[in-house]
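Colleague: Below you'll find the structure I mean.
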Amino acid sequence: LSARPVGERLCSVEEATAGSGTYTRHGFIFSSLAGCLEKRSEDSGLPIVSVVRDTESQLLPNVGAVVTCKVCSINSRFAKVHILYVGSTPLKSTFRGTIRREDIRATEKDKVEVYKSFRPGDIVLAKVISLGDAQSNYLLSTAENELGVVVAHSEAGAQMVPISWCEMQCPQTHSKDFRKVARVQPQFLQT
Amino acid sequence: FVPEPRLQYVPVKGDRVIGIVTVKAGDVFKVDVGGSEQASLSYLAFEGATKRNRPNVQVGDLIYGQFLVANKDMEPEMVCIDSNGRSNGMGIIGQDGFLIKVSLGLIRKLLAPKCEIIQDLSQLYPFELVLGMNGRIWVKAKTVQQTLIIVNILESCEYMTAEQRKQALAKLSGN
């Protein structure tokens, strides 16, 4: 497995099939990534040639994917989050996302207060609605019953228990806080 | 029980404070209120302000307003109108006068009903007074000398006892 530069001509189309990290041009297979050459032999047909990077490829959130994120700061117009998990796979480096005020809830969008939906430090389930431009973050939405805050801590430091879709209670001080709570499916809950 | 921080002011919703305008950026002003963050003040948050009729606020102006939003997670927001839309004494503080910074404990003492210090001072000269919960006091009397005398008395009220204060005022009104 030797390191190959980008654009190196690997072989001709008759010898192998192009796999990931490669492309075909003028009847030859070229590599499109800088990495190690991998030749996998298939029982039916030609072996597959692919180029893999030394590090494992990062899973990127697609539009419509449900992601787990942590709120890092809030504003009266939006909440900024770090995306930690895509589906059930943890990410090695966190991406940044934004949840706009009008994307927090599906109903009564103009009456939403970001301070009563999220707080810094909350763990939130959200759905990707846009990948954003080059500089901006992923745009996320929690406008569904199954999306919203799953883990939140009270001012006393204890993990709060959800009471309704908009309230959570601290088990130590019994004080109630407002959050946009996610209705997690029963099969995902662990007791 | 109300915790009394002696040094740094922490914005609280509903508190009336004196702020200094630092940045004028389009629709929003940034106001220094002595807290860890600057407060934001919208140009529409004044009595009778519309998109056509903007208030005449410049950088460096003094503003007397109250907090609409003030918590540890977000930037504080200030307004100069109450819930009915009336200014109710808030707004841009006029020209002249003198702004001083005192401890938060003294402000609470001065804001108590029938405060002796204010009553004694009003016997001395007539003056205008604005008290901000963030420890700032704005004073304006008829002449600069009178203003400075009142400012000195207010600053030293933190350390003087009631008798010392009455002695100082008697000496001044004797002059």
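The values are calculated or read from the model by the stated rules, or taken from the named source; none is laboratory data. Owing to the predicted nature of the structure, the values given are computational and were not obtained by experimental measurement. Glycine gets a Cβ as well: all are built from the backbone with ideal geometry, and neighbour counts include every protein chain shown. The accessibility values were calculated without ligands, DNA or RNA, using every heavy atom of the protein model including side chains. Shrake-Rupley method; radii C 1.70, N 1.55, O 1.52, S 1.80 Å.
Colleague: Checking the table B:Lys51/B:Lys72; A:Lys180/B:Lys24; A:Lys111/A:Lys176; B:Lys114/B:Lys140 against a 25 Å threshold on Cα-Cα, which pairs fail?
Modeller: From B:Lys51/B:Lys72; A:Lys180/B:Lys24; A:Lys111/A:Lys176; B:Lys114/B:Lys140, over 25 Å: B:Lys51/B:Lys72; A:Lys180/B:Lys24.
Colleague: In addition: Can you tell me the FRET efficiency between A:Glu38 and A:Phe188 if r is taken as the Cβ-Cβ distance and R0 is 45 Å, rounded to the nearest 0.05? Mind dumping the intermediate values first?
Modeller: Details: r = 36 Å, r/R0 = 0.80.
According to the calculation, E is roughly 0.80.
Colleague: Still on this structure, please answer the following. Starting from the 7 Å offset along Cα-to-Cβ, what nm value, one decimal, do you get for the label separation of A:Ser12 and A:Cys166?
Modeller: 7.1
Colleague: On a 1.4 Å probe surface of the protein chains, which of B:Leu131, B:Leu44, B:Leu154 comes out largest in accessible area, and what is the full order? Numbers along the way, then the final one.
Modeller: Values: B:Leu131 25, B:Leu44 75, B:Leu154 0 Å².
Ranked list, largest accessible area first: B:Leu44, B:Leu131, B:Leu154.
Colleague: Over chain A, what is the relative contact order in percent, taking alpha-carbon pairs closer than 8 angstrom and at least six residues apart?
Modeller: 14
Colleague: Per 0.36 nm of contour for each residue apart, how much would the distance between B:Glu37 and B:Leu111 grow if the chain were fully extended, relative to their Cα-Cα spacing?
Modeller: 24.1 nm
Colleague: Ok, one more. Using each residue's phi in the range A:74-86, evaluate 6.51 cos²θ - 1.76 cosθ + 1.60 at θ = phi - 60° and report the 3J(HN,Hα) Karplus result to the nearest Hz, with x for Gly and Pro.
Modeller: Along the range A:74-86, the couplings run 10, 9, 6, 9, 7, 10, 9, 10, 9, 7, 9, 10, 10 Hz.
Colleague: Can you find, among A:Ala158, A:Val86, B:Gln95, the residue farthest towards the positive end of the dipole of the protein assembly as shown? Put +1 on the C-beta of Lys and Arg, -1 on that of Asp and Glu.
Modeller: My answer, from the dipole projection, is B:Gln95.
Colleague: Now for a different question. Output the relative contact order of the range B:102-155, whole-number percent, from Cα pairs under 8 angstrom with separation of 6+ residues.
Modeller: 33
Colleague: OK, next. Using the Karplus curve 6.51 cos²θ - 1.76 cosθ + 1.60 with θ = phi - 60°, work out ³J(HN,Hα) for each residue of the range B:114-125 in order, rounded to whole Hz, and write x for Gly and Pro.
Modeller: 6, 6, 5, 4, 5, 5, 4, 5, 5, 5, 6, 9
Colleague: Mind checking how much accessible area A and B bury in total, 1.4 Å probe, in Å² rounded to 100?
Modeller: 500
Colleague: Still on this structure: Of B:Tyr43, B:Tyr159, which has the most accessible area with a 1.4 Å probe, and how do the rest follow in descending order?
Modeller: Of B:Tyr43, B:Tyr159, the descending order of accessible area is B:Tyr159, B:Tyr43.
Colleague: Same structure again: Apply 1/(1 + (r/R0)^6) to the Cβ-Cβ distance of A:Gln159 and A:Lys109, taking R0 = 35 Å, and write down the FRET efficiency to the nearest 0.05.
Modeller: 0.75
Colleague: Separate question: Using just the helices of the protein assembly as shown, give the 222 nm mean residue ellipticity in deg cm²/dmol: DSSP H runs with n ≥ 4 each add -39,500 (n - 2.57), and the total is spread over all residues, rounded to 500.
Modeller: On the way: 4 runs with 43 residues, N = 366.
After summing the helix terms and dividing by residue count, I get -3500 deg cm²/dmol.
Colleague: Report, to the nearest whole %, how much of the accessible area of the range B:15-92 belongs to carbon and sulfur atoms, 1.4 Å probe, protein only. Walk me through the intermediate numbers first.
Modeller: Numbers: 1750 of 3880 Å².
Carbon plus sulfur share of accessible area: 45 percent.
Colleague: Also: Restricting to Cα pairs below 8 Å that are 6+ residues apart, what does the relative contact order work out to for chain B? Please round to a whole percent.
Modeller: Values: 291 pairs, mean separation 35.7, N = 175.
Here the relative contact order equals 20 percent.
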